[in-house]
Structures are given as C-alpha cells and as structure tokens.
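Below is one structure; the comments refer to it alone.
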Amino acid sequence: MSVDLKSLALPGVQHLQPYQGGMPVEELERELGISDVIKLASNENPLGLSTKAREAVDRVLKDGARYPDGNGYYLKNALAKQLGVCANQLTLGNGSNDVLELLARGFLGQQHNAVVSEHAFVVYQLVITAQNAHVVIVPAKQWGHDLEAMAEAVDSQTRLLFIANPNNPTGTWAPLSSVERLLQSVPPHVLVVLDEAYFEYVDEAGYGSAIELIKQYPNLVVTRTFSKAYGLAALRVGYAVSHPDVADILNRLRQPFNVNGLALAAAQAVLADEEYLQNSIEMNRQGYQQLTSGFEKLGLDYIPSAGNFVAVQVPGDASELYRSLLQKGIIVRPIALYGMPNHLRVSIGLPEENERFLNTLSQLLSDGGAV
Ligand SMILES: *Cc1c(COP(=O)(O)O)cnc(C)c1O
C-alpha cells in the first residue's frame with residue numbers, strides 16, 4: 001500500500017508556496033552563454049563585501065573545524081553598545097528571516113492568527129502558515145501599510161502583527177508617530193514585529209527606529225539585518241531587539257549554532273566599518289535619483305521608495321518584460337506574487353548597472369511600441 005507522502009505533512013505546510021528568490025547570476029549566464037549578466041533582483045548591496053568584513057572572514061576561516069560561539073558574545077555586545085540596549089534583549093539569526101521564523105514558532109499555534117498588510121514582505125505569510133496559524137491580510141493604502149486598519153484587525157486570538165518599515169517590495173514607510181499610535185491601540189497580548197531591514201537607507205523626515213519604543217511597549221520586537229546596507233547577504237546574519245523575556249523565548253528555540261563563525265566575524269567587522277555604510281547609503285541615494293529620473297523620462301509611474309529598490313509600473317505584461325530583460329542579461333524581480341502584476345521591482349545597482357538597465361528598458365519599451 002502506498003500513501004500520499006505529502007498528505008502526511010502538517011496542513012499549513014501542505015499549502016506553502018516555496019519562497020522564490022531572484023535568479024542567480026551564474027544560472028542566467030549559463031543559459032545565455034554570456035558573462036556580463038547584472039542582477040538587480042534581490043536588494044543586495046552593489047558595493048560587494050566590505051574589505052574589513054572580508055579580512056575578518058579570512059582571519060577566522062582557519063578555525064573552521066571548530067563550532068562558533070553559540071551565543072555570539074562579541075557581536076551582541078557590539079550591537080548592544082551601538083543600539084543602546086542590553087545584550088539580553090538581542091537574538092541573533094541566520095539572516096533576519098531566521099528570527100521572523102523563530103517568532104512564529106514561539107508564539108503561533110493553530111488557534112492563533114497573525115496580521116500582515118497586503119503587498120507586504122512574503123516571508124511573514126510563509127512563517128505564519130507553517131505554524132498552521134491563520135493569516136489576516138489587511139488591504140494596503142496607497143501601496144503602504146494601513147496601520148489603523150491593521151490595529152483594528154487584531155482580535156483575542158492574534159499573537160503577532162508584522163510591519164515592514166520600509167516595506168519590500170513597495171518601498172513605502174511609516175513615520176514613528178504612526179507606529180507609536182498603533183502600539184498604543186494594540187492590546188498587550190499581541191507582539192508587534194517591526195521589520196527594519198532597510199532602516200539604514202531611510203532618509204525621510206518623521207522616520208525613526210522603533211527600538212527606542214521597546215522600553216515603553218514591551219510587546220514590540222524590532223528586527224534588523226546585515227544583508228542589505230551592510231552587504232552580507234550570503235553570510236546570513238540578522239537579529240531581533242526585544243524585551244528580555246521575548247529574547248529568552250527566541251533564544252531557547254533557535255538552533256545552538258544558528259549563526260556561523262564566518263558570519264559572526266564579518267558582521268562584527270562591518271558594524272565597525274562606518275565608511276562602508278556611508279558609501280552604501282550615498283551610492284544608494286544617487287542610484288535612486290538616477291533610476292527614478294530615468295523612469296520619469298520614460299513616462300513610467302513608480303512608487304516612491306525609502307529602500308534600496310524601486311517598484312516601477314510598466315505598460316503591458318510585466319512578466320513578459322521581465323523575460324525580455326532576462327534575454328538581455330538583466331535580472332529584475334517580477335512581483336505578481338505580491339499582488340502587483342503590473343510592477344517590476346528593481347534593486348538599485350552601481351551607476352553603470354542602473355544605466356544599462358534604463359537603456360535596455362527604454363529600448364524594449366519602444367520596440368514593443370508601448371511608449
Ligand atoms: C531582505 C529582507 C529581510 C532580510 O532578510 P535576511 O534573512 O536578513 O537576509 C527582512 N525583511 C525584509 C522586508 C527584507 O526585504
């Protein structure tokens with residue numbers, strides 16, 4: 001007798017759609033037989049690995065046969081100092097996705113629900129669904145999170161409420177005052193998870209980190225990552241800042257060595273590399289100008305973004321344009337899965353990458369007679 005093995009999985013897991021990342025450069029180069037593919041698809045740092053991070057990795061590689069420090073002592077202390085929090089408020093993760101998953105595993109069961117926004121980062125839905133918990137999706141307001149409606153969507157079974165600030169893939173953001181209003185109106189049995197993956201890039205009046213609010217609102221959890229402005233996406237380091245009790249739960253749940261030794265060393269080094277961070281931010285600021293003025297010249301609407309990417313609305317079928325760009329060696333991200341079938345998300349690259357993307361886009365659009 002055979003059994004449908006998939007039917008043995010937990011019900012929530014049976015309905016999971018695997019996360020689809022951007023296509024790797026190597027894969028497309030192999031397919032097209034070319035060597036100059038550019039990837040503007042995963043919001044990675046176009047500056048590449050910081051020299052200091054690289055040197056730190058080289059230094060610890062010789063210890064590769066040993067387990068890393070499972071408590072991330074030095075990295076946590078450096079973070080605590082920089083953020084003005086205590087080390088016992090920190091949980092390190094194998095990327096911040098790891099921490100998001102720990103939150104779901106620690107606080108959601110099948111009787112619970114979690115609140116997210118329409119067009120929000122898709123990992124929230126994945127980790128909620130994997131717990132067999134219910135996802136409550138609140139309609140977006142002008143592409144951004146409707147924080148008032150999200151607070152109203154909370155009920156007695158809600159345990160988590162996810163806010164991406166700024167959000168990926170829309171680039172929309174909420175001022176700190178609105179975040180605080182939400183915290184005032186959400187009952188204390190709901191953990192509010194504020195995902196600040198793009199925090200370092202944001203240069204908007206009224207924006208601020210929610211970390212300073214944790215003292216007043218112990219149900220607030222803020223997550224950050226080294227994958228974007230700090231340029232360590234491949235090494236996988238992120239963290240949560242929370243009340244020590246929440247950190248205690250997350251630290252009980254995580255794998256003992258969830259952040260590897262190379263990643264710990266690299267994160268500690270790049271955290272001290274202020275010049276790398278400032279270069280990243282400045283390059284991003286200029287790249288944003290370059291891309292958005294290019295879109296304006298092409299008559300394309302885009303969603304103003306506070307992150308290192310822009311969602312641009314394209315005429316006709318965005319997935320077709322995505323495939324045409326692939327044929328020209330340019331990887332961007334179609335976002336139909338985020339309920340945005342008419343947009344493409346483009347990560348801000350090096351100046352020459354942005355230029356090649358804009359020139360190719362212009363050419364494809366005029367070939368298609370769409371502009
Ligand atoms: C990229 C991103 C993350 C970070 O992912 P890592 O696992 O740290 O690489 C988290 N949240 C959002 C909204 C993101 O776009």
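The values are calculated or read from the model by the stated rules, or taken from the named source; none is laboratory data. Worth saying up front: this structure is predicted, and the values here are computed from it rather than measured. Note that each Cβ is placed from the backbone with ideal geometry, even for glycine, and that neighbours are counted across all protein chains shown. SASA here: full protein model, heavy atoms, side chains in, ligands and nucleic acids out. Shrake-Rupley method; radii C 1.70, N 1.55, O 1.52, S 1.80 Å.
Within the set Q110, Q125, the sole residue that is over 15 Å from T223 (Cα atoms) and part of a loop (DSSP other than H, G, I, E, B) turns out to be Q110. The residues listed here are Y207, Y201; of these, the one that is at pLDDT 95 or above and within 14 Å of the ligand (Cβ to nearest atom) is Y201.
For the range 325-371, the candidate set comprises residues that are open to solvent by less than 20 Å² (accessible area, probe 1.4 Å) and β-branched (V, I, T); within that set, the residue that is farthest from the chain's Cα centre (by Cα) is T360.
When each of D58, D36 is tested for being open to solvent by 40 Å² or more (accessible area, probe 1.4 Å), away from the ligand (no atom under 16 Å from the Cβ) and touching a residue at least 24 places away in the same chain (Cβ under 8 Å), the lone residue that passes is D36. Of A229, A269, A234, A247, all but one fail to be small (G, A, S) and open to solvent by 40 Å² or more (accessible area, probe 1.4 Å); the exception is A234.
Only one of the numbered conditions (1) open to solvent by less than 30 Å² (accessible area, probe 1.4 Å); (2) in a loop (DSSP other than H, G, I, E, B) is violated by V221, and that is (2). A single member of A80, A41, A9 is out of contact with any Asp or Glu (no Cβ under 6 Å at 6 or more places or on another chain) and touching a residue at least 40 places away in the same chain (Cβ under 8 Å), and it is A41. A single entry from L277, L291, L213 fulfils the requirement of being touching a helix residue (DSSP H, G or I) at 6+ places or on another chain (Cβ under 8 Å), open to solvent by 10 Å² or more (accessible area, probe 1.4 Å) and away from the ligand (no atom under 15 Å from the Cβ): L277. Restricting the range 78-123 to residues that are open to solvent by less than 30 Å² (accessible area, probe 1.4 Å) and over 22 Å from the mean Cα position of the chain (by Cα) leaves a set whose member that is nearest to the ligand (Cβ to nearest atom) is V85.
Screening L61 with (1) within 26 Å of E212 (Cα to Cα); (2) out of contact with any Phe, Trp or Tyr (no Cβ under 7 Å at 6 or more places or on another chain); (3) of a type in the set (A, V, I, L, M) gives one miss only, at (1). Looking at L194, L126, L161, which is the one that is more than 14 Å from the ligand (Cβ to nearest atom) and under 25 Å from Y239 (Cβ atoms)? After ruling out the rest, the residue left standing is L161.
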